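For reference, the structure discussed in these notes is given below.
The values are calculated or read from the model by the stated rules, or taken from the named source; none is laboratory data. Values in this document were obtained by computation on a predicted structure and should not be read as measured data. Glycine also receives a Cβ, built like all others from the backbone with ideal geometry; neighbour counts cover every protein chain displayed. These area figures cover heavy atoms from the full protein model, side chains too; ligands, DNA and RNA do not enter into them. Shrake-Rupley method; radii C 1.70, N 1.55, O 1.52, S 1.80 Å.
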Amino acid sequence: MRKIKKIAMFMVFAMIASLFTFSPNVFAADASIKVQFFNKNTSADSNTIAQCYKISNTTSAPLDLSTIKVRYYYTEDGNQDQSFWCDSSQMMNGYSYTPLTDEVTYSIVKMDTPVDGADHYIEVGFKADAGQLEAGGSVEIQARTSKADWSNYNQADDYSFNATSSQYSDWNKVTGYVNGTLEYGVEPTGSSPVLDSTVTPTSGTFDKNIEKQADIPVTMTLNGNTLTSIVNGSYALVEGTDYTVSNNVVTLSKSYLATLKEGTSYSLVFNFSAGKAATFTLNVTDTTVPVVTGTTFSIGTMSGKPGDKVVIPVSLKGISSAIAGCQFNINYDPSLLQVTDVEAGSNVNNSDLNFAYKDFSDNGYVRFVIANLSLKSGTDAVDQDGDVAYITFTIKSTAAIGKTPITFSDSKFVDVNEKIVTTTNTNGSISVVTE
């Protein structure tokens with residue numbers, strides 16, 4: 001009795017197996033999707049291409065449906081307008097069912113180079129808000145394509161036509177793509193649809209200011225192609241020196257970018273193994289503040305007895321570009337000297353507006369600010385050699401005989417063209433002498 005039950009069970013399994021058509025695995029082990037397909041109408045001549053797609057996520061992570069597309073290759077057998085209808089689409093993520101009929105997109109593309117079995121393909125995908133296909137989940141699409149006059153297609157010679165199955169089965173003549181990269185199936189020989197590669201962003205700015213220089217990353221969407229070169233005019237950038245490539249990201253080296261001329265726009269052309277080149281527009285700037293040299297900033301040297309008042313001039317010489325503003329400190333020894341008066345120098349115009357100071361006697365320095373607030377070069381700007389300040393020191397009665405230095409610190413100058421002016425500073429002194 002037990003043997004009869006075993007035979008009966010074997011026959012049941014055999015009958016179940018006969019209901020399914022198995023075909024070899026046609027997707028790579030690391031592919032992110034698998035596509036199964038059958039034609040609902042398997043007549044050799046038909047006025048409708050009835051397509052049934054099942055797309056499965058074979059990864060361990062969700063996939064955005066908007067990144068997935070499938071293609072069906074066929075011959076139009078005429079030149080009529082064609083229409084596409086999605087009859088139904090639904091997604092199964094585990095036990096969760098989601099209707100997607102209204103989320104399906106399509107395009108009917110005439111191939112640039114027809115081959116045997118294909119001069120057109122139907123590309124089916126999903127809208128941006130279609131959602132995600134979870135790991136292990138699947139989505140089905142049932143659709144139809146017909147000509148405007150409802151004349152017949154000869155399906156028998158179509159590359160993607162599947163007359164061998166009436167249910168979902170692996171079918172490598174329907175191709176599947178994720179982010180434009182072929183993940184499943186085999187494109188018809190000699191007719192692989194060439195997709196252009198793109199770069200993101202398409203433009204950028206490089207600042208030659210040494211404090212702001214940075215590499216520029218550019219992300220490529222390769223669409224099945226490979227990068228072959230990057231060209232700037234007649235110069236081909238050198239990989240590993242001018243740029244590096246990691247996965248689909250090109251990093252333009254700051255060492256190369258720093259050699260380019262500021263104030264210029266460059267077109268960096270990315271060439272690929274197939275499809276059109278992509279252009280990255282590079283603008284080069286330099287926010288480094290230019291420097292003007294040659295100006296001498298000096299403090300006078302004087303002498304006096306304890307109790308005397310001594311006037312020390314602060315002067316500028318060798319001015320090659322009118323100075324719009326400056327700030328500086330004059331340092332002194334408060335145990336020996338006391339600031340009793342400060343006046344603008346003869347070289348400061350409109351001093352009531354443009355000249356200011358503050359004596360920090362506890363710390364032993366006077367801070368000066370001279371600003372061309374009217375911004376009128378040649379009127380209020382300091383554009384002639386001469387004195388910019390006079391400091392009156394009283395030598396304290398307790399001051400010892402000898403020399404006490406008067407020095408600069410924290411000096412900053414800028415001209416009317418907003419260029420930094422560097423100065424050669426000459427410190428001064430007061431010599432305390434006997435009566």
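Please go through region 60-75 and give me each residue that is surrounded by fewer than 17 Cβ atoms within 10 Å (Cβ to Cβ) and either closer than 20 Å to Asp45 by Cβ or not acidic (Asp, Glu) (or both), ordered by number.
Matches in region 60-75: Ser60, Ala61, Pro62.
Only one of (1) charged (D, E, K, R); (2) open to solvent by less than 40 Å² (accessible area, probe 1.4 Å); (3) not in a strand (DSSP E or B) fails for Glu123. Which number is that?
Every condition holds for Glu123 apart from (3).
Quick one: Thr423 ticks every box in (1) open to solvent by 40 Å² or more (accessible area, probe 1.4 Å); (2) at pLDDT below 95; (3) under 52 Å from the mean Cα position of the chain (by Cα) except a single one, so which number is it?
Of (1) open to solvent by 40 Å² or more (accessible area, probe 1.4 Å); (2) at pLDDT below 95; (3) under 52 Å from the mean Cα position of the chain (by Cα), only one is false for Thr423: (1).
May I ask you to list the residues in region 387-418 that are part of a loop (DSSP other than H, G, I, E, B) and more than 58 Å from the chain's Cα centre (by Cα)?
Of everything in region 387-418, those that are part of a loop (DSSP other than H, G, I, E, B) and more than 58 Å from the chain's Cα centre (by Cα) turn out to be Lys396, Ser397, Thr398, Ala399, Ala400, Ile401.
Between Ala61, Ala128, Ala148, which is farther than 15 Å from Tyr159 by Cα, of a type in the set (A, V, I, L, M) and in contact with a helix residue (DSSP H, G or I) (Cβ under 6 Å, 6 or more places away or on another chain)?
Being farther than 15 Å from Tyr159 by Cα, of a type in the set (A, V, I, L, M) and in contact with a helix residue (DSSP H, G or I) (Cβ under 6 Å, 6 or more places away or on another chain) holds for just one of Ala61, Ala128, Ala148, which is Ala128.
Quick one: count up the residues across region 366-386 that are open to solvent by less than 40 Å² (accessible area, probe 1.4 Å) and either assigned to a strand (DSSP E or B) or modelled with pLDDT of 95 or more (or both).
Number satisfying all stated conditions: 6.
Tell me the residue from Ser43, Ser83 that is among the polar types (S, T, N, Q), at pLDDT 95 or above and over 38 Å from the mean Cα position of the chain (by Cα), please.
Matching residue, one of Ser43, Ser83: Ser83.
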